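Right, one structure below, let's go through it.
The values are calculated or read from the model by the stated rules, or taken from the named source; none is laboratory data. Everything numeric in this text was worked out from a predicted model, so none of it was measured. Please note: Cβ atoms are built from the backbone with ideal geometry, for glycine as well, and neighbour counts cover all protein chains shown.
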């Protein structure tokens, strides 16, 4: 199905591409959202209560929108993309519930994390429930290839989270380690989201491959931008969550590069703040100044731009359509956030 | 494939039926075990380390043996039962890892629980990894019906665990509540194990249904027996883990019935011990004496026997074979444990 993206609606700058994506997928997203609420239901009251608390907090729902958009690049009367999109969002939410337990996070989507309201125990179990429901929806479509993509993604994401856990605060973490974490924690689900979208539309093998690559590279760009934003972005806008990755000891690209380039006293300063939950605003600002001296936020941004470019290039062989052009703009937007 | 169970090997009493099941499934279980080890592998070292710690601690591997035996009731040259059996065991192990986090358990299979060695975080994530791998193996078989059974089971198990969590220490818990917990936490995976076994052998619809019902009823009998054993069995053999359910506030049948039947001062005694992690051996012995006065362990055993009988009856319409007869003996054995 072609989405309603008249060319007049296309963005001049890429900065509102996300709003355009929301508008373009709105009709189908209403079906996805209804399905999400229905499948988060259970006779065990605590299950929908907790699930809906997280789901209704919103979030961008970027992943299911990507599934719908990837499907909409092609002429097709398939309806499977609705269930695929809901399954992708369930997998994402299951991951968030478990991540918050693993990271001992207090906040999620601007509200106290579910684990702070209902406890770690219920968060683990409701995450498991959502994962089971995601597979149920996939099975109902009968699309074995898409099931393979999502079950593989589920294992890979968990594996990557274990790797990130093992690497937390590891001062010898390399850019190669970082790449593994980014692929597993973000790029894999973006990749799965666009792949199953293309599969729902019965796209050809090379078209599925193009959208798989687009999703993977977009996920890369998105996570790099997120990791830059966690330090206030390249322009250094400190917000209330700035420095969370630092306090959690997460070895993201800006910090890995800085540890390589920093002078001994700068390195000592980074090390003292890294993984220190007490690191305050001033400490974070100090670390950001070190990053700026060595250009590590800018280097991470350049890397994000490369991935966004690769995402756009992947779209090259696809049928020319408003949706394809919108996906290209989304790639630019994902990086533009980090300025 | 018919299993190697010569009639001469069949048990006179049902007490060694489990050993016979082990012997009968040995050749195929070696393949299952090899697959389990291979699929628990990962380039992220912590993953196989933790997974193998749990897997190699053993456990009875009753569930995968049931899958193999259910398949072996029929003449078939299918090999899918190997992957199904490994997937069932992975789902079981994923559940155990998450359960231990949820229950804050210290021990599992006679060793410190994985969460005590590697922490709750890694236990949650490796559980997720095993679940993803379980689905991968299922997808590889291309058997959508079996995938439906297992994904439905995954959601139902998690839902049931949430229900049990919500009911922990709830003095108004009913036998109906207990039934829900038993079905979700145990009977559902037994049911799934035998169902997918029959599916692997391309059994007919009514044969699959017979083995589904067998698994469900067997799971019931098994869990009831476990819950009786947690209080030392009907004969009251106190062991080192006796009373764990009491200390965790688990509303199992013996305690639910006792709360209904007990005199006010007995009721007060049960209430003071229930959910109290400090409850000692003497407290547990006192509670067991209350159970004995009101016959609640014996009542639970009678219920277990009914379910074992229902499991055996379900086998009635299946082809007469040594494996079918062995499955009947396994049902008796599951209850006999609780004497």
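Return the only residue of A:96, A:130 being within 24 Å of residue A:195 (Cα to Cα), touching a strand residue (DSSP E or B) at 6+ places or on another chain (Cβ under 8 Å) and more than 8 Å from every other protein chain (Cβ to nearest Cβ).
A:96
Of all helices (runs of 4 or more DSSP H) completely enclosed by the range A:1-79, which ones contain at least 2 residues that are within 20 Å of the chain's Cα centre (by Cα) and modelled with pLDDT of 95 or more?
The qualifying helices (runs of 4 or more DSSP H) are A:17-39, A:62-72.
Identify, from the list A:76, A:105, the residue that is more than 10 Å from chain B (Cβ to nearest Cβ) and without any contact (Cβ under 8 Å) to a residue 12 or more places away in the chain.
Checking each option against the conditions leaves just A:105.
Residue B:268 versus (1) closer than 28 Å to residue B:111 by Cα; (2) over 18 Å from the mean Cα position of the chain (by Cα): which is the lone unmet condition?
Of the numbered conditions (1) closer than 28 Å to residue B:111 by Cα; (2) over 18 Å from the mean Cα position of the chain (by Cα), the odd one out for residue B:268 is (1).
Determine whether residue B:225 is out of contact with any strand residue (DSSP E or B) (no Cβ under 8 Å at 6 or more places or on another chain) and either under 20 Å from residue B:301 (Cβ atoms) or assigned to a loop (DSSP other than H, G, I, E, B) (or both).
Against the criterion (out of contact with any strand residue (DSSP E or B) (no Cβ under 8 Å at 6 or more places or on another chain) and either under 20 Å from residue B:301 (Cβ atoms) or assigned to a loop (DSSP other than H, G, I, E, B) (or both)), residue B:225 qualifies.
For residue A:118, which of the numbered conditions (1) closer than 28 Å to residue A:255 by Cβ; (2) more than 9 Å from every other protein chain (Cβ to nearest Cβ) fails to hold?
For residue A:118, the exception is condition (1).
With surrounded by 24 or more Cβ atoms within 10 Å (Cβ to Cβ) and either free of Cβ contacts under 8 Å to residues at least 60 places away in the same chain or under 30 Å from residue B:82 (Cβ atoms) (or both) as the only criterion, which of B:211, B:224 stands out? Let's see the steps before the verdict.
On the way: B:224 fails: either free of Cβ contacts under 8 Å to residues at least 60 places away in the same chain or under 30 Å from residue B:82 (Cβ atoms) (or both).
The unique qualifying residue is B:211.
Only one residue in A:217, A:286 is over 19 Å from the mean Cα position of the chain (by Cα) and surrounded by 15 or more Cβ atoms within 10 Å (Cβ to Cβ), so which one is that?
Values: A:217 fails: over 19 Å from the mean Cα position of the chain (by Cα).
From the options A:217, A:286, the qualifying one is A:286.
If I ask for residues that are surrounded by fewer than 21 Cβ atoms within 10 Å (Cβ to Cβ) and farther than 18 Å from residue A:134 by Cβ, which ones from the range A:21-51 would you list?
A:22, A:23, A:26, A:27, A:30, A:43, A:45, A:46, A:49
Within the range B:97-116, which residues are over 21 Å from residue B:275 (Cβ atoms) and buried (at least 20 other Cβ atoms within 10 Å of the Cβ)?
B:97, B:114
How about the range A:234-339: which helices (runs of 4 or more DSSP H) wholly inside it have at least 3 residues that are at pLDDT 95 or above?
Correct list: A:253-261, A:264-273, A:281-294, A:296-314, A:322-336.
Checking residue B:168 against (1) in contact with a helix residue (DSSP H, G or I) (Cβ under 6 Å, 6 or more places away or on another chain); (2) farther than 28 Å from residue A:163 by Cα; (3) more than 7 Å from every other protein chain (Cβ to nearest Cβ), only one condition comes out false. Which one?
All conditions are met except number (1).
Please specify each residue of the range B:316-337 satisfying the condition of being closer than 15 Å to residue B:19 by Cα and without any contact (Cβ under 8 Å) to a residue 12 or more places away in the chain.
Within the range B:316-337, no residue meets the criteria.
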